[in-house]
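Read through the structure below, which is laid out as structure tokens, and then see the notes.
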Amino acid sequence: MPYDSTNIFAKILRGEIPSHKVLETDDVIVFMDVMPQGTGHTLVVPKSAARNLLDADPAVLAKLLPVVQRVAQAVKQAFAADGVSVFQYNEPAGGQSVFHLHFHVVPRFEGVPLRPHSGAMEDPAVLAANADLVRRALT
Ligand code: DGP
């Protein structure tokens, strides 16, 4: 399937819809997931167009992974988490629902299971407060 620029993350990248952004570089934007699977669930999204890992330019991936690492370290600190899960879905059969490449970074706590993928919408006030914590941990 070709890349479709009407996807929701492309709209966020173009500034057409809002997000709780925590970091932006020339290459990457990082914002809170509106349907978090855990407190502090954050998304790392390259600016260049790729549907998912399968069609991504390796040069884009090379710049992306250090940001994923930095965000994983930041969310672990921001939420005093015990661990961090990083995951990434490809195509509907692989669990993907938004067709612009992204990595999920989710703080994890001993004994606390993940909430469902693309489940309930979080309260915007909670997302804003969590974004503040991540932003501070990134600086
Ligand atoms: P997936 O494509 O299945 O890897 O997951 C997409 C994720 O994006 C899912 O966790 C829910 C989240 N999401 C869906 N719509 C929006 C949105 O408009 N804004 C934000 N910040 N996250 C979204």
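The values are calculated or read from the model by the stated rules, or taken from the named source; none is laboratory data. These numbers were taken from a predicted model, which means no experiment stands behind them. Glycine also receives a Cβ, built like all others from the backbone with ideal geometry; neighbour counts cover every protein chain displayed.
From the list Leu43, Leu65, Leu54, Leu13, which residue is farther than 21 Å from Asp132 by Cα and within 14 Å of the ligand (Cβ to nearest atom)?
Leu54
What tally of residues in region 23-40 results from selecting those that are farther than 18 Å from Ser97 by Cα, surrounded by fewer than 20 Cβ atoms within 10 Å (Cβ to Cβ) and either modelled with pLDDT under 95 or within 16 Å of the ligand (Cβ to nearest atom) (or both)?
Final tally of qualifying residues: 3.
Residue-wise test of (1) of a type in the set (S, T, N, Q); (2) at pLDDT 95 or above; (3) surrounded by 15 or more Cβ atoms within 10 Å (Cβ to Cβ); (4) assigned to a helix (DSSP H, G or I).
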| residue | (1), (2), (3), (4) |
| --- | --- |
| Ala49 | no, yes, yes, no |
| Val67 | no, yes, yes, yes |
| Val71 | no, yes, yes, yes |
| Ala129 | no, yes, no, yes |
| Arg136 | no, yes, no, yes |
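Please state which one of Phe109, Phe99 is farther than 30 Å from Ala62 by Cβ, in contact with an Asp or Glu (Cβ under 8 Å, 6 or more places away or on another chain) and either modelled with pLDDT under 95 or not polar (S, T, N, Q) (or both).
After applying the criteria, what remains is Phe109.
Name the residue that is surrounded by the most Cβ atoms within 10 Å (Cβ to Cβ), counting only residues in region 1-22 that are closer than 24 Å to Pro92 by Cα and of a type in the set (A, V, I, L, M).
Per the stated criteria, the residue is Leu13.
Which residues, taken from region 82-96, are part of a loop (DSSP other than H, G, I, E, B), in contact (Cβ under 8 Å) with a residue 24 or more places away in the chain and either surrounded by fewer than 11 Cβ atoms within 10 Å (Cβ to Cβ) or within 17 Å of the chain's Cα centre (by Cα) (or both)?
Passing the criteria: Gln88, Tyr89, Asn90, Glu91, Gln96.
Kindly indicate whether any position in region 119-128 is closer than 16 Å to Val22 by Cβ, within 12 Å of the ligand (Cβ to nearest atom) and in contact with a helix residue (DSSP H, G or I) (Cβ under 8 Å, 6 or more places away or on another chain).
There is no residue in region 119-128 that is closer than 16 Å to Val22 by Cβ, within 12 Å of the ligand (Cβ to nearest atom) and in contact with a helix residue (DSSP H, G or I) (Cβ under 8 Å, 6 or more places away or on another chain).
Considering only residues of region 69-99 that are within 16 Å of the ligand (Cβ to nearest atom) and touching a Lys or Arg at 6+ places or on another chain (Cβ under 7 Å), which is nearest to Lys47 (Cα to Cα)? Reasoning before the result, please.
Kept after step one, since they are within 16 Å of the ligand (Cβ to nearest atom), are these residues of region 69-99: 71, 75, 84-99.
With touching a Lys or Arg at 6+ places or on another chain (Cβ under 7 Å) added as a condition, the list becomes 84-85, 99.
On the way: Val84: 24, Ser85: 22, Phe99: 13 Å.
Across region 69-99, the extreme among qualifying residues is Phe99.
Tell me which residues, restricted to region 1-38, are part of a loop (DSSP other than H, G, I, E, B), within 16 Å of Val106 (Cα to Cα) and not acidic (Asp, Glu). Don't jump to the end; show me each part of the working.
If we filter region 1-38 for residues that are part of a loop (DSSP other than H, G, I, E, B), which is where we start, we get 1-7, 14-20, 25-27, 33-38.
Still in the running and within 16 Å of Val106 (Cα to Cα): 20, 33-38.
Hits for region 1-38 are His20, Val34, Met35, Pro36, Gln37, Gly38.
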